[in-house]
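Below is one structure, written out as structure tokens; comments come after it.
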Amino acid sequence: MLDRPNIYLIGIGGIGMSALARYFQQSGRKVAGYDRYRSPLCEDLEAEGMKIHYEDDVKQIPSRFKAEDTLVIYTPAIPEDHSELNFFQKEGFEIVKRARVLGLIAQKHRCLAVAGTHGKTTTSSILGHLYRHAEVEISAFLGGISTNYQSNFWGHDDTDLLVAEADEYDRSFLNLKPTAAVITSTDADHLDIYGEAQSLEDTFREFAESVSDFVLVNESTNLNLGLKYGFGNQNSYYADQVQVLEHQYHFDFVHPQGRISDISMLLPGRHNVENAVAAAALALKYGLSEEQIKAGLESFKGVKRRFEYHIQKEDLVYIDDYAHHPKEIAALQNSVRELYPKRKITAIFQPHLYSRTRDFLNDFAASLSAFDEVILLELYPARERPIAGINSKALLDLIQSEKKSLMGRQEILSRFSEEKPELILTIGAGDIDQLIRPLKLALLK
């Protein structure tokens with residue numbers, strides 16, 4: 001299946017799909033695909049030689065891509081009535097989900113997987129960076145763009161180790177059979193798939209039981225298996241002596257054989273100290289020295305859209321973050337308050353998915369109410385159809401902040417061209433990323 005000369009990806013601009021596209025491209029295949037809009041990531045893929053179009057139009061599929069020599073890859077986000085998907089089905093193409101393809105690739109390596117409802121992208125990116133910085137050849141499939149390398153993939157089939165972000169959506173991570181795994185969190189999410197939180201937790205347990213060698217689990221979960229990590233000294237791996245000095249986190253990494261003292265992280269956020277502990281634990285278990293781990297952690301620059309600074313001035317700070325779950329928003333708010341305790345924080349948030357907003361409406365309101373001002377964009381539906389009564393206005397009504405509003409993008413840009421906040425955040429997993437550049441320009445006027 002994986003040896004087809006032509007690879008076509010429906011939804012090629014997705015973060016997981018684009019990593020696969022890069023994998024096949026660097027192995028010499030002809031790669032093409034469709035996506036809904038031309039994002040900066042799609043532009044990067046085009047610059048790397050991939051042919052992409054942005055209309056659901058079978059006439060734009062390259063004519064040389066035939067059923068006998070083409071593998072078609074898609075994600076669960078693609079609707080069943082998608083005309084290109086239906087065309088490939090009708091014409092007898094081999095069509096597989098992204099998760100299955102990643103699982104087949106991972107079988108060629110010892111797979112170090114990072115799973116969890118929050119934190120998996122940053123943790124897997126740190127882990128991949130630790131090896132790359134130490135000049136150890138691995139392969140890495142990441143769920144975000146590494147700032148150090150400006151990519152979400154590197155490697156080849158001949159590496160021993162493969163780092164993979166293990167996605168729980170649609171139970172995709174059950175396609176992986178890892179050598180080792182970290183589980184960062186199991187908070188309720190994707191209830192449109194799982195129905196209830198217990199079902200999600202049970203699936204994480206099933207994933208953990210598929211791991212052949214080493215399982216590391218965050219202390220916050222209810223999974224009574226593997227070794228634990230976190231901040232408490234009852235854990236096998238933990239952060240100690242955590243402090244903030246000049247907007248940077250310093251900590252010791254304690255492990256069963258010793259301690260790595262005074263690690264200084266470029267990456268902000270207490271939750272990212274915890275992510276660093278998880279990545280360091282796996283790297284130490286699978287071949288890296290204490291010296292390599294310390295040097296790697298101190299040189300990690302972060303992941304695009306994960307606590308990403310866009311303006312960092314004495315009188316103005318602008319941070320963008322992908323947080324799209326109440327627990328993630330709460331963690332973001334806590335980290336920003338710890339770093340900038342005297343600043344007034346303005347948060348611009350775009351709700352993502354009708355089902356997630358419905359399932360956690362009160363929790364979203366509670367986490368957002370901790371900011372000094374909240375501005376909501378209209379909800380981003382992604383793959384979903386509207387749910388009656390669920391929208392940004394319903395969320396706004398529940399938020400307790402003294403200053404709160406629902407605004408359009410142009411209204412936001414007009415306001416912040418004139419008014420400069422002390423600290424501003426853009427938050428969300430939809431298309432709020434399209435606001436980043438114009439907002440930065442408006443703030444710097």
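The values are calculated or read from the model by the stated rules, or taken from the named source; none is laboratory data. Only a predicted model underlies this, so the values are computations on that prediction, with no experimental measurement involved. Because the Cβ atoms are built from the backbone with ideal geometry, glycine has one as well, and the counts that use them run over all protein chains shown. Each accessible area value is taken on the protein alone, full model and side chains, heavy atoms only, with ligands, DNA and RNA left out. Shrake-Rupley method; radii C 1.70, N 1.55, O 1.52, S 1.80 Å.
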Filter region 288-307 for residues that are within 19 Å of the chain's Cα centre (by Cα), under 25 Å from residue 238 (Cα atoms) and open to solvent by 30 Å² or more (accessible area, probe 1.4 Å) and give the result. 301, 306
Residues (open to solvent by less than 50 Å² (accessible area, probe 1.4 Å) and over 20 Å from residue 215 (Cα atoms)) located in region 245-265: 249, 250, 251, 252, 260, 263, 264, 265
In region 352-376, what count of residues is obtained for those that are in contact with a strand residue (DSSP E or B) (Cβ under 7 Å, 6 or more places away or on another chain) and open to solvent by less than 30 Å² (accessible area, probe 1.4 Å)? 7
May I ask you to list the residues in region 175-197 that are among the hydrophobic types (A, V, I, L, M, F, W, C) and either modelled with pLDDT under 90 or more than 21 Å from residue 278 (Cα to Cα) (or both)? 188, 191, 193, 197
What are the pairs, 6+ residues apart or on separate chains, where a residue within region 173-186 that is touching a residue at least 60 places away in the same chain (Cβ under 8 Å) and part of a loop (DSSP other than H, G, I, E, B) has its Cβ under 7 Å from a residue that is acidic (Asp, Glu) and surrounded by fewer than 24 Cβ atoms within 10 Å (Cβ to Cβ)? 179/213; 186/201
Counting only residues that are in a helix (DSSP H, G or I), aliphatic (A, V, I, L, M) and farther than 24 Å from residue 331 by Cα, which one in region 421-445 is most open to solvent (accessible area, probe 1.4 Å)? 441
Residue identified as open to solvent by less than 50 Å² (accessible area, probe 1.4 Å) and farther than 18 Å from residue 141 by Cα among 105, 78: 78
Residue check, residue 365 within 30 Å of residue 195 (Cβ to Cβ), in contact with a helix residue (DSSP H, G or I) (Cβ under 9 Å, 6 or more places away or on another chain) and either assigned to a helix (DSSP H, G or I) or of a type in the set (Ser, Thr, Tyr) (or both): yes
Checking residue 70 against (1) modelled with pLDDT under 95; (2) among the polar types (S, T, N, Q); (3) surrounded by 22 or more Cβ atoms within 10 Å (Cβ to Cβ), which single condition isn't satisfied? (1)
Is it the case that region 220-243 has a residue that's assigned to a strand (DSSP E or B), of a type in the set (Ser, Thr, Tyr) and either surrounded by fewer than 16 Cβ atoms within 10 Å (Cβ to Cβ) or without any contact (Cβ under 8 Å) to a residue 24 or more places away in the chain (or both)? no
Within region 310-318, can one find any residue that is touching a Lys or Arg at 6+ places or on another chain (Cβ under 8 Å), over 15 Å from residue 127 (Cβ atoms) and buried (at least 20 other Cβ atoms within 10 Å of the Cβ)? yes
Looking for something surrounded by fewer than 24 Cβ atoms within 10 Å (Cβ to Cβ) and of a type in the set (Ser, Thr, Tyr) - is there at least one such residue anywhere in region 118-130? no
Hits in region 385-417 - residues which are open to solvent by 40 Å² or more (accessible area, probe 1.4 Å) and of a type in the set (Val, Ile, Thr): 387
Exactly one of 201, 206, 168 is surrounded by fewer than 19 Cβ atoms within 10 Å (Cβ to Cβ), charged (D, E, K, R), closer than 30 Å to residue 354 by Cβ and at pLDDT below 90, and that one is 201
Please enumerate the residues belonging to region 1-28 that are β-branched (Val, Ile, Thr) and under 19 Å from residue 94 (Cβ atoms). 7, 10, 12
Look at residue 285 and say whether it is over 29 Å from residue 440 (Cα atoms) and open to solvent by 60 Å² or more (accessible area, probe 1.4 Å). yes
Could you grab the pairs with beta carbons closer than 6 Å, sequence gap of 6+ or different chains, first residue in region 361-379 and under 15 Å from residue 324 (Cα atoms) and touching a residue at least 60 places away in the same chain (Cβ under 8 Å), second one among the β-branched types (Val, Ile, Thr) and outside any helix (DSSP H, G or I)? none
Residues that are out of contact with any helix residue (DSSP H, G or I) (no Cβ under 7 Å at 6 or more places or on another chain) and either of a type in the set (S, T, N, Q) or modelled with pLDDT of 95 or more (or both), drawn from region 381-393: 388, 389, 391, 392, 393
